[in-house]
Amino acid sequence: MEAHPASPPGRGTVSAAVREHLRKLCLREFPCGTGSWNKSRFLPQTGRTWRELVPREEDKVSPGEETVEALLGLVRSPHSPWALLKDSSEEDCFLRELAIQNPLMLRDTFFYSYFRSLRVVDKEVSHVDKDLLKFRKLEELVLSANQIKEVDAANLPTTLKVLELYGNEISSMECLCAHPPPRLQHLGLGHNKLQGPLESLYLTSNHWPNLVSLDLGFNDLTDLQGVMVNLRTLRQLRLLVLQGNPLALVPYYRGFTIDSLSWLCVLDDITVSPHEKHQFLGLSLSGDFLTREAQLVVTIGNVTGVLDTSVFDPEPGPEGPFITYNYYVTYDFMEEKEGQGVEYEGVLAKIVKPSPSPELFVEDFAEEFVEEAEEESPESGMADSGESESTLVSAESAAVPRSIDSAQELAKLRPCVDPRLFPSPGTILFSTAHKPWAQVIPCNYEMQHTLKDLVLLKAFLLTGTTVTIVEEKILSWPLRPPAVDSSLPAKQGKGEKDQKGKKERGKKGKDKEGKEEKEPAKEQRVPKKKKELPKELRQDAPILQVLGSGSVVLEPLLSGEPTVSTVCNFGVIRTLESDKLTLARDLKKLKKVAKKEKKSLAPVFDGDYCPEPLTVEVQVQLSQSRSASEALRASAV
């Protein structure tokens, strides 16, 4: 194949990419090819026979020319400007050296008969053209990471044994099955867009009689039973990859596949053991009784490194406010459309529909909250009150005017909501139980999610989930007693009660005046008793603050990993001042403060102070059956 063809094929074809690659090898430029640097090694261009194409062995090199060894050194030395890149193939190195030793051999007929393997990777190829048929000895064709949507199988050489089309945009195998290469032994179609139940019809021995290895990983295939029915006809199949497809998310996927294809040796790059074959024996006969749903278990463990904000709050007075703090962890998970009626324990928020900006979440949330507050409040119909409940994250209640004159006034009334407190579009926000502050806050949270839409689940796992640690601050106020009516009957009733009380005290043998003299002494002893919190408190709406938020990668669950376990680290938020105040408060509560202990603790904070970062333990497990009986029991439940 010539480096500079007279009429190159259209751009985006395989042959055009091959020609461009040969052009970059510079096979006709120094130190390769023919020129002034080696002209004496070749006979004149006219009147030659085929024997004259062989270079002449010259004892002496003409002035201005280079020896073959010197030219080869220029392409072999890694420090030479003519050296090939490190990732160059052995074929590229061979062609460069051949272009030095015998450049007259490099013609189209040589290239078409020389290549047995072609690797055209990430070259923006979109079409497999008919010029590919000129490669008469081609056995391996790699066209990965391109833009191919369909493959005209009639343009594939019949000598092909390996065909790889990873990372393209192929949505159906129908185009390949029109004229499939009869000798093909390996077919790689991973990371494409294969979807639909009809794709399994193209996986039969009628199309691929000699197929030994098949890779369909990371597509959108969902019908496991249908795929297995057709793969049973491929009696030569020994290696199979299906992980990354939605069908691989069901608990019984591996066992059902192994029992359906008993001759399989390797599944998803893991050797099939005789023990596995025994454990899942007979499972393929119960395919109709197996539910097509995935089960994931989310576990949230301990939270550490939380800043104790309460140490900065002043002591509450008799009128309040009494402040309490709680901490919890939230994560978003995909919505199961068919199970919206199921009530989840721990669901924090409703489903949030997609919105162009987080600010709209705040507006919608505020409007919904105001409407709910008006419906629930018994005094919502009283226009004279002019009071409204504070929003979810508002610190103070504000009066809502009857008319809004400008957008600025409306913006002042809207709460400043952290968008991290909302779930991602199309997901539900789940929350652990609210716990008080501690050095280590145990969440002890576990939730099982059962999902039937496997395609959406795959998309969610590729995106991942967001874990957030939230601080909830609640201000409580004592309820004021109702105002006493100052009407005369009320005063008279009160006087009658006082007179009855005096008469009863007089019957005890005490002098009235003496009793009244001792009463002030009682009143002086009352303040010495411990203050008790009011029994009835009015709580403001909680004030929420995000302490830390981050994403958890769930893609390993698609790659065959059964569990994703991680510790989310959000950095240090505690300070030396806060830890000193917390320690002093705890020692005071325990009533074990000693002078020696005070002296020994001070240097630790001053010199070697190293606070713990804010962390939370998160684990997401994809349920997988370990035997046929376990798979059947799970489906029966």
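The values are calculated or read from the model by the stated rules, or taken from the named source; none is laboratory data. Since the structure is predicted, the reported quantities are computational estimates derived from the model, not experimental observations. With ideal geometry, Cβ positions are generated from the backbone for all residues, glycine too; neighbour counts draw on all protein chains shown. Surface areas here come from the heavy atoms of the whole protein model, side chains and all, with no ligands, DNA or RNA. Shrake-Rupley method; radii C 1.70, N 1.55, O 1.52, S 1.80 Å.
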Rank by packing, highest mean first: peptides 145-151, 439-445, with packing defined as the count of other Cβ atoms within 10 Å averaged across residues.
145-151, 439-445
Which residues qualify? For residue 541, with a placed amide H closer than 5 Å and at least 5 residues away or on another chain, they are 390
Label zone at residue 112 (point 7 Å along Cα-to-Cβ), backbone N below 18 Å, region 157-189
157-160
Simple SL model, points at 7 angstrom along Cα→Cβ for residue 263 and residue 479; separation in nm is 7.9 nm
Each residue of region 155-167 in turn: what ³J(HN,Hα) in whole Hz from Karplus with 6.51, -1.76, 1.60 and θ = phi - 60°, glycine and Pro shown as x?
8, 8, x, 6, 7, 4, 10, 10, 9, 10, 10, 5, x
Per 0.36 nm of contour for each residue apart, how much would the distance between residue 586 and residue 433 grow if the chain were fully extended, relative to their Cα-Cα spacing?
52.7 nm
Suppose each label sits 7 Å from its Cα in the direction of the beta carbon; what would the residue 569-residue 83 distance come out to in nanometres?
3.8 nm
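Could you work out the relative contact order of region 181-336, using alpha carbon pairs under 8 angstrom and six or more residues apart, expressed as a whole percent? If you can, show how the numbers build up before the last one.
Numbers: 196 pairs, mean separation 25.6, N = 156.
Relative contact order, region 181-336: 16 percent.
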To the nearest Å², the heavy-atom accessible area per residue of region 176-253 with 1.4 Å probe amounts to 36 Å²
Simple SL model, points at 7 angstrom along Cα→Cβ for residue 142 and residue 297; separation in nm is 4.1 nm
Rounded to 0.05, the calculated FRET efficiency for the beta carbons of residue 610 and residue 97 at R₀ = 51 Å is 0.25
If you count, for each residue, the other Cβ atoms within 10 Å and average over each peptide, how do 134-143, 77-86, 247-256 line up from highest to lowest?
247-256, 134-143, 77-86
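Going by average Cβ density within 10 Å per residue, which order do the peptides 159-165, 216-222 take, highest to lowest?
Values: 159-165: 19.3, 216-222: 22.9.
Per-residue Cβ counts within 10 Å, averaged per peptide and sorted highest first, yield 216-222, 159-165.
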Under the Karplus relation 6.51 cos²θ - 1.76 cosθ + 1.60, θ = phi - 60°, what is the ordered set of whole-Hz ³J(HN,Hα) values for region 430-439, x standing for Gly and Pro?
9, 9, 7, 5, 7, 10, x, 5, 7, 4
Where 278, 207, 449, 179 fall by accessible area, highest first, once all protein chains stay in place (1.4 Å)
278, 179, 207, 449
